Amino acid sequence: MTSDEQPEVPGDEPVEHQPDGLDLARSAARAAAASPGTPAKRRPSSSPRRRTTAKASGARPDDRDPQLLENAMGRLIAQHGWELDLKVQGVFGRWAELVGDEVAAHCTPESFADGRLVVRTDSTAWATQLKLLAPTVVRRLNEELGHGTVTLIEVLGPHLPTWTKGRLSSRDGRGPRDTYG
């Protein structure tokens, strides 16, 4: 048998070679079918391959499309209910801008819970001053956070040492008074 001749399969007569190669594929398939061995596995025709996801891509936008970071973060914040917490933390970060540089130099916000803002001052004089400014500060904060968010400002004086212990302490004494102001 030469290279120009095709192998003959029983029941087949030689066919001229076609340039698309389809005749060679058919003859190879017939030869494989006629030879003993394991049969080729076939895919069942009753269950065609299907997509595993229920959603199919289409022309309209959906959640799988690229999103702007601002929109994605806004959805995440709304789903978890973090709006008020983030606004309050924003107020803490912009405290000097909201109350003024002079007040911010002497007063710092410490916590916020249930409409109550706790502010620590560095002297008793500033504690008194902030108590007088409290209605103005509450109004300004509610403009930023939303009406009724801050209902009360609790003003705390500076952290002071205790004078209740020691060799020179007296019972029921009046204490050091306004030593730090």
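The values are calculated or read from the model by the stated rules, or taken from the named source; none is laboratory data. Keep in mind that what you see is a predicted model, and the values were worked out from it rather than measured. Cβ atoms come from the backbone with ideal geometry, glycine included; neighbour counts cover every protein chain shown. Accessible surface is based on the protein model in full, side chains and every heavy atom, while ligands, DNA and RNA are left aside. Shrake-Rupley method; radii C 1.70, N 1.55, O 1.52, S 1.80 Å.
Of note:
- Those residues of region 118-141 which are small (Gly, Ala, Ser) and crowded, with 18+ Cβ neighbours inside 10 Å, in sequence order: 127
- Residue, farthest from residue 92 (Cα to Cα), within region 142-164, restricted to residues that are touching a strand residue (DSSP E or B) at 6+ places or on another chain (Cβ under 7 Å) and either surrounded by 15 or more Cβ atoms within 10 Å (Cβ to Cβ) or free of Cβ contacts under 8 Å to residues at least 24 places away in the same chain (or both): 157
- In region 74-93, the residues that are under 29 Å from residue 120 (Cβ atoms) and open to solvent by 50 Å² or more (accessible area, probe 1.4 Å) reach residues that are at pLDDT below 90 and acidic (Asp, Glu) with C-beta atoms within less than 9 angstrom, at least six apart or across chains, in these pairs: 87/144.
- Screening region 108-125 for residues that are touching a residue at least 24 places away in the same chain (Cβ under 8 Å) and in contact with a helix residue (DSSP H, G or I) (Cβ under 8 Å, 6 or more places away or on another chain) and picking the one that is farthest from residue 146 (Cα to Cα) gives 123.
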